[in-house]
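The next block holds one structure in the form of C-alpha cells; read it before the comments.
The values are calculated or read from the model by the stated rules, or taken from the named source; none is laboratory data. Everything numeric here is computed off the predicted structure, so don't read it as measured data. Reconstructed Cβ throughout: ideal geometry from the backbone, glycine too, with neighbour counts over all protein chains shown. These accessible areas exclude ligands, DNA and RNA; they are computed on the full protein's heavy atoms, side chains included. Shrake-Rupley method; radii C 1.70, N 1.55, O 1.52, S 1.80 Å.
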Amino acid sequence: QLKDQLNQLKQDNKDLQKELERTIELFKQMEFEQKYQENIDKLKELAEKQDELSKQSERKDSDSQELKKQQDSLNKAFEEFKEDMKELEKKNESLENKNEMPDTKEKQQEIEQEMKNSSNSLGDNKSGKASKSQKKAAQQMQEMAEQMEQQQQQQDRKSTRLNSSHLVISYAVFCLTK
C-alpha cells in the first residue's frame with residue numbers, strides 16, 4: 001500500500017512538472033506575442049513620423065539641417081527597431097513551438113537605404129529628393145507592418161486551433177484515467 005502511494009506521489013510530481021513546463025512555455029509565448037505587437041506598433045509609429053517628415057521636406061521654407069536632424073533621429077529609431085526584431089527572433093527560437101515570422105530582412109534593408117538617401121539628400125540641401133525617399137521609406141514601413149500583422153493573425157488562428165485540440169485531448173485523457 002505504501003509503495004502504491006509512493007508511486008502515485010511520483011506520478012503526481014511528474015504531472016505537476018509537465019504542467020509547470022507547459023505554463024512556462026505559454027508564458028514565453030505570451031511574452032513573444034506581446035513583443036511582436038509592440039514591434040508592429042513601433043513600426044507604424046515610425047512610418048507616420050517618416051511620412052510627416054516627408055511633408056515637411058516638401059515645403060520650400062523648411063530648414064534642411066533641422067530636417068536632417070529629425071531624419072537622423074528616425075534612422076536611429078529604425079536601427080533600434082531592427083535590434084528589437086533580432087531579439088524577437090531569438091525569443092522565438094527559444095520556444096518549443098516556434099512562431100512563423102515573415103522574412104523582413106530585405107524590406108528592412110530597403111527601408112534603411114531610403115532613409116539614408118533621405119538623410120544624404122537633406123545634407124546636400126535637396127529637400128525635394130529627400131521627400132521622395134522619405135515617402136518611399138514610410139510606405140515600405142507601412143507595408144512591412146501590414147505583413148507582420150497578417151502573419152500575427154495567421155498565428156493567432158493556428159494557436160487557437162492548437163489550444164482547442166489540447167483541450168479535447170486533455171479531456172479525453174481525463175476521461176480515460178477515471
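Structure above, values below:
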item	result
The lone exception for ASN7 - which of (1) at pLDDT 90 or above; (2) part of a helix (DSSP H, G or I); (3) out of contact with any helix residue (DSSP H, G or I) (no Cβ under 9 Å at 6 or more places or on another chain) it fails	(1)
Some residue of region 136-157 being more than 23 Å from PHE32 (Cβ to Cβ), open to solvent by 50 Å² or more (accessible area, probe 1.4 Å) and in contact with an Asp or Glu (Cβ under 7 Å, 6 or more places away or on another chain)	yes
Which numbered condition ASN99 fails, given (1) surrounded by 17 or more Cβ atoms within 10 Å (Cβ to Cβ); (2) within 23 Å of the chain's Cα centre (by Cα); (3) in a helix (DSSP H, G or I)	(3)
Failed item in (1) at pLDDT 95 or above; (2) of a type outside the set (Gly, Ala, Ser); (3) open to solvent by 60 Å² or more (accessible area, probe 1.4 Å); (4) over 29 Å from GLN29 (Cβ atoms), with ASP124 passing the rest	(1)
Considering residues of region 47-60 that are part of a helix (DSSP H, G or I) and open to solvent by 10 Å² or more (accessible area, probe 1.4 Å) only, the residue farthest from PHE78 (Cα to Cα)	GLU58
Which numbered condition ILE24 fails, given (1) in contact with a helix residue (DSSP H, G or I) (Cβ under 9 Å, 6 or more places away or on another chain); (2) of a type in the set (A, V, I, L, M, F, W, C); (3) open to solvent by 20 Å² or more (accessible area, probe 1.4 Å)	(1)
Residue that is buried (at least 16 other Cβ atoms within 10 Å of the Cβ), at pLDDT 95 or above and among the charged types (D, E, K, R), where the choices are GLU79, GLU114, GLU87	GLU114
